[in-house]
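A short worksheet on the structure shown next.
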Amino acid sequence: MEKILVKTAIYSFIISFSLLLVFLNRTYSTEDVNGYISTSGTSYPDFFFMITEYSIILSIISVILVFAYLRFRKK
C-alpha cells in the first residue's frame, strides 16, 4: 500500500506541476473605471513558487483520496 501512495504522490506532483505550468497565466489585466486596461504580472520566481505550492497541495489531496479508497475497498 505504501508503494502505491508514494507513486501517487510523485506522479500527481509531476502531472499537476506540468499542467499548472501550461495553463496558469503569469500575467493578468485589470480594467479601470474610465476603461483603461493595465497589465501586470508576477515575477518568474514567485510564479514557480506558486505553482510548486499548488502542486504540493494537489498531491497531498490525491494521496489522501487514494488512501481512503484503498482503506475502504478492503472492508
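For the stretch 4-32, a tally of residues being among the aliphatic types (A, V, I, L, M) and either in contact with a helix residue (DSSP H, G or I) (Cβ under 7 Å, 6 or more places away or on another chain) or over 17 Å from I56 (Cβ atoms) (or both) returns 7. Assessment of the stretch 58-69 against the conditions (of a type in the set (A, V, I, L, M), in contact with an Asp or Glu (Cβ under 8 Å, 6 or more places away or on another chain) and surrounded by fewer than 14 Cβ atoms within 10 Å (Cβ to Cβ)) yields no matching residue.
Read-outs: derived from the displayed coordinates by stated rules, not from any lab. Since this is a predicted model, take the numbers as computed values, not measurements. Note that each Cβ is placed from the backbone with ideal geometry, even for glycine, and that neighbours are counted across all protein chains shown.
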